[in-house]
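Encoded as structure tokens, the structure appears first; notes follow it.
The values are calculated or read from the model by the stated rules, or taken from the named source; none is laboratory data. Predicted, not measured: the structure shown is a model, and the values here were computed from it. Cβ atoms come from the backbone with ideal geometry, glycine included; neighbour counts cover every protein chain shown. Calculation scope for accessible area: heavy atoms of the full protein, side chains included, ligands and nucleic acids excluded. Shrake-Rupley method; radii C 1.70, N 1.55, O 1.52, S 1.80 Å.
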Amino acid sequence: MTAETHAPIVVHGSPEELGRTQRLGVLLLIVGDAAFLLSLVFSYLYLRALNTEHGWVPPHGHTVPAGLGWVIAAVMVASLAFYYWAETGADRPRRLQLGLLLAALLVLVGLVLQAYQLGTAGIVVADGSYASTWYALAGYHAFHLLVTLFIGIGIWNRARMGRYATNGWQVRLVGYWWAWVAVAAIITAATTSLAAIPHVVP
């Protein structure tokens with residue numbers, strides 16, 4: 001008596017079906033991430049407006065200058081511009097590789113700036129509602145940049161290996177995430193710029 005072995009049957013969908021499925025996955029990821037970021041923004045604005053027992057920025061506390069946050073956002077917008085330049089030249093391998101590399105390098109610059117801002121903020125979470133929500137927003141944006149840098153290095157490496165010579169749909173999918181992170185950088189910078197309590201002159 002012999003035992004019969006059966007190889008697993010793997011069914012692959014067409015490239016169009018695979019592309020639709022992955023596009024839906026990326027869009028759902030962005031929607032979920034946006035919901036979380038907007039919940040942090042809501043918490044920040046709510047605590048700022050409420051200012052329970054003057055706990056937003058206590059008398060001994062201070063706020064973080066908003067300038068560096070806008071610089072980080074500008075770097076991410078510039079990174080998106082290089083990414084778009086690379087994506088629109090996907091039929092030119094050298095341009096694709098150069099654009100993706102420059103976009104990833106700018107994300108690295110943004111990540112270094114974000115780490116510097118977190119390290120030199122001069123506040124701690126226990127300093128009040130402002131400090132805790134500021135750290136949540138800035139820290140989450142650092143996470144955004146770290147994920148984007150990881151993805152950027154991966155897609156640049158695949159472009160370097162010639163994986164997108166005939167079909168660049170994966171580059172477009174990553175472009176959706178890249179654009180969202182640029183928007184998130186602007187939202188984060190705009191939100192954390194609102195440090196003063198409404199209707200109160202500092």
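Based on C-alpha pairs under 8 angstrom that are at least 6 apart in sequence, the stretch 64-114 has a relative contact order of 45 percent. Got a sec? Which residues in the stretch 98-134 would a label at residue 197 touch, if it sits 7 Å along Cα→Cβ and we count backbone N under 13 Å? From the stretch 98-134, the list is 129-130.
With each label modelled as a point 7 angstrom along the Cα→C-beta vector, the residue 28-residue 143 pair spans 2.0 nm.
The solvent-accessible area of residue 124, taken with every protein chain present and a 1.4 Å probe, is close to 80 Å². Here the contact order of the stretch 81-202, divided by its residue count and restricted to Cα pairs under 8 Å and six or more residues apart, works out to 31 percent. For residue 88 and residue 157, the difference between the fully extended length at 0.36 nm per residue and the C-alpha to C-alpha distance is 23.0 nm. For the pair residue 42 and residue 81, label points projected 7 Å from Cα toward Cβ lie 3.5 nm apart. Dividing the helix sum by the residues of the chain, where each DSSP H run of 4 or more adds -39500 (n - 2.57), gives a mean residue ellipticity at 222 nm of -25500 deg cm²/dmol.
Which of the following values of volume of the Cα convex hull per residue in Å³ was calculated from the structure shown: (i) 138; (ii) 129; (iii) 181? From the options (i) 138; (ii) 129; (iii) 181, the structure gives (iii). In terms of the mean number of neighbouring beta-carbon atoms within 10 Å, the peptides 132-140, 182-190, 41-49 order highest first as 182-190, 132-140, 41-49.
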